[in-house]
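Here, each number is a calculation from the coordinates, and none is a lab measurement. Everything quoted here is computed from the prediction, not taken from an experiment. Here the Cβ is made from the backbone with ideal geometry for all residues, glycine too, and neighbour counts use every protein chain on show.
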Amino acid sequence: MPADYYELLGVSSDVSENDLKRAYRGKAREHHPDANPGDDGAEARFKEISEAYAVLSDPEARARYDRFGHEGLRGGMGGPAFDFDLSDIFQSFFGGNPFGSGRSRRPAGPPRGDDHETVVDLDFAEAVFGADRSIEVRTLVRCDDCDGSGAAEGTSPTVCSVCEGIGQVRQVRQSFLGQMVTTAPCARCRGIGEEIAEPCRSCRGEGRRAEHVSLVVRVPSGVDSGATLRLSGRGSVGPRGGPAGDLYVHLRVAESDVFVRQGDSLVAELPVTMLQAALGATVSFETLDGPQELAVAAGTQPNDTLRLSGLGVPRANGRGRGDLHVVVRVDIPKKLSKSEAAKLREVAAERSELVDGNADPVLAQATETQHDGDNRSIGRRKRRHKL
């Protein structure tokens, strides 16, 4: 098992940034290979100490290490792997890499262009089945007059005379640990590593200019609101021929009046009459794939569900589609004609069901007699009141 980083540096898990740096300097000075000639293990100890400091001095990496340990730094617990280069630490504290020559100083080159964002609105069916959508974005494109170099016609950029094409300048100063080396972008070439004696008049030496660009975005099937598509290299080009950034297309899907999406499934309502639900019927229903004849069985109850396999949303892994679930909604008529009401009362009587206007005969006779007696009593009270 790898050693605990806090133990390597001799600090507690709540150590402050300044105390962490102080502890690292002490351990690094103690185990630096130059301070331990002939000790073959010094190099390994120094590398281990520097690795511990690289992790604990980075707030995000330290939080992952505190939560998941070494697995978190390798991305094993769902987090991204922590990438660091120990030669940067050696260079900063000691002016060189004790493990070899380190990284070569390559020219900086033109920087990458900016990323852009845009929003595309889709209707419900486009999100389900996918679509090709034309969009227009304003971005920086390569200058045609100088072919992106930024130099006037007949000329070309030259290597920067200050940084010699590196794009950075280094400053070295002495400290109690040795040489401290700092780097900063070259002020003369702005970190590009090249100079332009005669800039292009069209782009003023930038090698790019702003234009409106039309693009076709291919939206895959099964997307939903909040999804983002990345179009690599469709952002702004970098200055002086630098690579282009990316275009991020955020998708916004309109709601449907018929369907509700639940993952890869679709849910919809099927209105039927009470007679269709009671007697059964074949009803036409308009799916996203076209009309379908649905068999409503006799005795279907409200909220019964019919499942149409494979008529839902295409799955992201490309393995078929989800299902369409059609929920039955039984509509009760609010008004009936006299003949309709009479026929339904006959059915109710045949089924011995009590409804208004079709009560039990014996109970109806008793109720009528009671009403007659009540009416006669009311009449007598009225006559006495007149007297």
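Using θ = phi - 60° and the Karplus relation 6.51 cos²θ - 1.76 cosθ + 1.60, list the HN-Hα couplings for the range 220-234 in order, rounded to whole Hz, with x at every Gly or Pro.
Each residue of the range 220-234 in turn: x, 6, x, 6, 9, 4, x, 6, 10, 9, 10, 9, 5, x, 9 Hz.
Output the relative contact order of the range 1-73, whole-number percent, from Cα pairs under 8 angstrom with separation of 6+ residues.
Taking the mean separation of contacting Cα pairs over the length of the range 1-73, I get 30 percent.
Using 0.36 nm per residue, how much length does the chain from Glu43 to Ser134 gain when fully extended, once their Cα-Cα distance is taken away?
Once the chain is fully extended between Glu43 and Ser134, it gains 26.9 nm.
Once amide H atoms are placed 1.01 Å from N in the peptide plane, what residues at a sequence separation of 5 or more from Gln292, or on another chain, have their amide H within under 5 Å of its amide H?
Phe285, Glu286, Thr287
Kindly write out, for the range 331-339 in residue order, the coupling ³J(HN,Hα) from the Karplus curve 6.51 cos²θ - 1.76 cosθ + 1.60 (θ = phi - 60°), rounded to whole Hz, with x marking Gly and Pro.
8, 9, x, 7, 9, 10, 6, 4, 5
May I ask for the distance between the Cα centers of the range 208-231 and the range 281-315, given as a whole number of Å?
35
Specify whether the C-alpha gyration tensor of the range 134-175 places it in the rounded, prolate or oblate class, a ≥ b ≥ c being the square roots of the eigenvalues: rounded for a/c under 1.5, otherwise prolate if a/b is larger than b/c and oblate if not.
Oblate, since a/c reaches 1.5 and b/c is not below a/b.
In bins 10 Å wide, starting from 0, what share of all Cα pairs of the range 178-235 does each bin hold, as a percent?
Once binned at 10 Å, the Cα pair distances of the range 178-235 give 14, 25, 22, 20, 16, 4, 0.
Summing Lys, Arg as +1 and Asp, Glu as -1, what charge do residues with Cβ under 13 Å from the Cβ of Asp304 carry, Asp304 excluded?
With Lys, Arg at +1 and Asp, Glu at -1, the net is +1.
In sequence order, what are the phi-derived ³J(HN,Hα) couplings for the range 164-170 according to the Karplus relation 6.51 cos²θ - 1.76 cosθ + 1.60 with θ = phi - 60°, rounded to whole Hz, with x for glycine and proline?
Using θ = phi - 60°, the values come out as 6, x, 6, x, 9, 10, 10 Hz.
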